[in-house]
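Have a look at the structure below before the remarks.
Throughout, read-outs are computed from the coordinates displayed, never taken from laboratory work. Computed from a predicted structure; not experimentally measured. Cβ placement follows ideal geometry from the backbone for every residue including glycine, while neighbour counts extend to all protein chains displayed.
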Amino acid sequence: MPNYTFRCPGCGEFTLFFNSMSGNRENTECPTCKSEAARVYFAPHLFTLSRKLSSKIEKGMEPQRMTRDELGAKQKQTKVKANRPWQVG
């Protein structure tokens, strides 16, 4: 869902959300005062993560291996008796 920021001379900045790229235009009408508003362009948000931080994030996504001792005592499973004789448990 594309969104575009516009600046009205009287009201300030506002953002419009569109369902398609057809809303890509230079000027639009301010929803508050109905005056002409110009589109505001921002620099793209480009950044890079350090190798240490990116590896830490990736390791956080991996499942951790645990020993049986770390998991704790094994839970005893109990059978549930069925109320109906045709249900086998």
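State, as an integer percentage, the relative contact order of region 1-62 based on alpha-carbon contacts under 8 Å between residues 6 or more apart. Write out the running numbers ahead of the final one.
Values: 68 pairs, mean separation 17.9, N = 62.
Once divided by the residue count of region 1-62, the mean separation gives 29 percent.
For Lys34, a cut-off of 16 angstrom between C-alpha atoms picks up these aspartates and glutamates, skipping any fewer than 8 places away in its own chain: Glu13, Glu26.
Once fully extended, how much extra length lies between Arg39 and Asn19, figured as 0.36 nm per residue of separation less the alpha-carbon to alpha-carbon distance?
Taking 0.36 nm per residue and subtracting the Cα distance, the gain is 5.4 nm.
The residues Phe14, Phe42, when put in order of fewest to most other Cβ atoms within 10 Å, stand as Phe42, Phe14. Please give the net charge around Leu49, taking every other residue with its beta carbon less than 12 angstrom from that of Leu49, where Lys and Arg add +1 and Asp and Glu add -1. Local net charge: +2. Panel order for Cys33, Cys11, by other beta carbons found within 10 Å of each beta carbon, from fewest to most: Cys33, Cys11.
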